[in-house]
1. Which of the residues that make up segment 201-215 are within 15 Å of the ligand (Cβ to nearest atom) and of a type in the set (Gly, Ala, Ser)?
2. Do we have Arg189 as without any contact (Cβ under 8 Å) to a residue 12 or more places away in the chain, closer than 20 Å to Val84 by Cβ and not β-branched (Val, Ile, Thr) here?
3. Return the pairs, sorted by first residue and then second, in which the second residue is of a type in the set (A, V, I, L, M) and more than 10 Å from the ligand (Cβ to nearest atom), the first residue lies in segment 199-210 and is under 12 Å from Gln75 (Cα atoms), the beta carbons are less than 6 Å apart, and the residues are 6+ apart or on different chains.
4. Which of (1) more than 17 Å from Ile158 (Cα to Cα); (2) at pLDDT 95 or above is the odd one out, the single condition Val27 does not satisfy?
5. Does Arg155 qualify as being of a type in the set (Lys, Arg), more than 16 Å from the ligand (Cβ to nearest atom), modelled with pLDDT of 95 or more and on the phi < 0 side of the Ramachandran plot?
6. Mind listing just one residue for me: the one in segment 201-222 that is of a type in the set (Gly, Ala, Ser) and buried (at least 18 other Cβ atoms within 10 Å of the Cβ) and, of those, modelled with the lowest pLDDT?
7. Condition check: within 21 Å of Leu73 (Cβ to Cβ), in a helix (DSSP H, G or I) and within 16 Å of the ligand (Cβ to nearest atom). Does Ala223 satisfy that?
Amino acid sequence: MISRQPLSQAHVAELAQEFEGMDAEDVMGWAMDAFGSRIAISTSFQAEGIVAIDLAHQIDPGVRVLTVDTGRLPQETYDLIDRVREHYGISVEIHYPDQDHLSSMTTKYGTNSFYNSVLQRLRCCEIRKVDPLKIALGGLDAWITGLRRSQSETRANIPKVAIDLSKGDIVKVNPLADWSSDDVWDYIRTRGLPYNFLYDQGYTSIGCAPCTRPIESGEDPRAGRWWWEN
Ligand code: SF4
């Protein structure tokens, strides 16, 4: 059933409880049925995003896939975007930072200002990632992510569905919330899906090239992101 009515907080909270007993395929199916063309997958093409695309594509080959090109992605990620396009025969909507804001930041603080301070790093993320994503999601009623609870402490309690107050109160769907890293990689290998080759070089979380490094054995999976900030 296609519903165009905005969902209330209370209704979404009920759904979140209900979805705890459902697998990712069913949560994805609900989301795509409920929002039709008013939903999209947003991905940075990490392993979880590929699983989300694959699950959604089996339900609707026309599912919208969007991403933000920060301008600082590793070449391997650009290569993967093209491999995903080819694998599924889909388009990927690519959104870019506001050029005036970018120019203003880099002119004033240099091209690698993220190394200067936490504040400047956050500003870079805001201009290159957060703001373009907000614009990309404009006009949608819901978005799908590949977030998992075991990725970090800040994600430990994410529900499978919620109202996203930071993105204009649209619905955020996290079908993989209760998946482990092993679940993700079992799925990718079983289905022979494309993935970022940086994972084969010790990377466990992949973002912009200057802000991502491989991790050492025993380190937290996200230790390779902004590692200089401790
Ligand atoms: Fe800027 Fe680094 Fe954030 Fe990318 S991850 S937007 S380069 S601070």
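The values are calculated or read from the model by the stated rules, or taken from the named source; none is laboratory data. In this text, all values refer to a predicted model and were calculated from it rather than measured experimentally. Backbone-built Cβ (ideal geometry, glycine too); neighbour counts: all protein chains shown.
1. Passing the criteria: Ser205, Gly207, Ala209.
2. Taking the combined requirement at face value, the residue satisfies it.
3. Within 6 Å, the pairs are Ile206/Leu198.
4. So the condition that Val27 fails would be (1).
5. For Arg155, the condition - of a type in the set (Lys, Arg), more than 16 Å from the ligand (Cβ to nearest atom), modelled with pLDDT of 95 or more and on the phi < 0 side of the Ramachandran plot - is not met.
6. Ser205
7. No; evaluated as a whole, the condition is false for this residue.
Conditions tested, residue by residue: (1) surrounded by fewer than 16 Cβ atoms within 10 Å (Cβ to Cβ); (2) polar (S, T, N, Q); (3) on the phi < 0 side of the Ramachandran plot.
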{"position": "Leu165", "(1), (2), (3)": "yes, no, yes"}
{"position": "Val173", "(1), (2), (3)": "no, no, yes"}
{"position": "Ala177", "(1), (2), (3)": "no, no, yes"}
{"position": "Tyr187", "(1), (2), (3)": "no, no, yes"}
{"position": "Thr190", "(1), (2), (3)": "yes, yes, yes"}
{"position": "Leu193", "(1), (2), (3)": "no, no, yes"}
